[in-house]
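**Student:** Attaching a single structure in structure tokens format; questions to follow.
What follows is calculated from the coordinates using simple rules that are stated; it is not laboratory data. In this text, all values refer to a predicted model and were calculated from it rather than measured experimentally. Glycine also receives a Cβ, built like all others from the backbone with ideal geometry; neighbour counts cover every protein chain displayed.
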Amino acid sequence: MQPQPRKPLYTPEERRRRDQSPWTLVQGILAPVQFLVFLISLYLVLRFLATGEGESVATVSIVVKTLVLYAIMITGAIWEREVFGRYLFAPAFFWEDVFSMLVLGLHTAYLVALATGTLDTHGLMLLALAAYATYVINAAQFLIKLRAARLDQAKDREALVEAAE
């Protein structure tokens, strides 16, 4: 028994809207920026946990990482609205959006704990690491979708070439 072929990620109209949206470029810029900020912050947090040095710079890096996350989430919701007609939970990105809510929740919990003094510095750094772990999973989800979209486009090009022959 052969597996069912996967439904394409985008309809032709959605792909057209995606390609014409300025938010596609914004997402393409913010994603690697966020990943770079994440790597720097991860290093600073791990350095603090290992040595006890650099608490302030690690804390600032987590706040910056969280602000960049908010920026990519807001612009991503706008992008999703332009492409799929809804701000979140479009069927093509449903599970990525669900997991994004966990990522946002943990990052926001960090900011709340920092502002209220609910956790000590060590606890804050561990909460940041938990938020970062969910971010890595979520980023992998989106990379898998990006690959699926590229495979769909390659399949469409092949079909056009075959039809032209």
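**Student:** Compute a Gaussian network model of the chain, connecting alpha carbons closer than 10 Å, and tell me which residue from Ser21, Ser100, Ser41 fluctuates the most.
**Tutor:** Ser21
**Student:** Another question about this same structure. Restrict the search to segment 40-121; then list the GluC sites (Glu not before Pro) that DSSP places in a loop and that have at most 16 other Cβ atoms within 10 Å of their Cβ.
**Tutor:** Qualifying residues, ordered by number: Glu53.
**Student:** Answer with a single label: of [x] 21, 18, 17; [y] 38, 16, 14; [z] 36, 18, 14, which was calculated as semi-axes √(5λ) of the Cα gyration tensor in Å from the structure in view?
**Tutor:** Label of the calculated value: [y].
**Student:** Normalised by the residues of the chain, what does the relative contact order come to in percent, with Cα pairs under 8 Å and at least six apart?
**Tutor:** The value is 25 percent.
**Student:** Another question about this same structure. Take Phe142 and Thr51, extend 7 Å from each Cα along the Cα→Cβ direction, and tell me the distance between the two endpoints in nm.
**Tutor:** Inter-label distance under the simple model: 3.1 nm.
**Student:** Can you tell me the length gained on complete extension of the stretch Ala115 to Met101, counting 0.36 nm per residue apart and subtracting the Cα distance?
**Tutor:** Contour length minus the Cα-Cα distance gives 3.0 nm.
**Student:** In addition: Excluding Glu82 itself, calculate the net charge of residues whose Cβ lies under 9 Å from the Cβ of Glu82, where each Lys or Arg counts +1 and each Asp or Glu counts -1.
**Tutor:** +2
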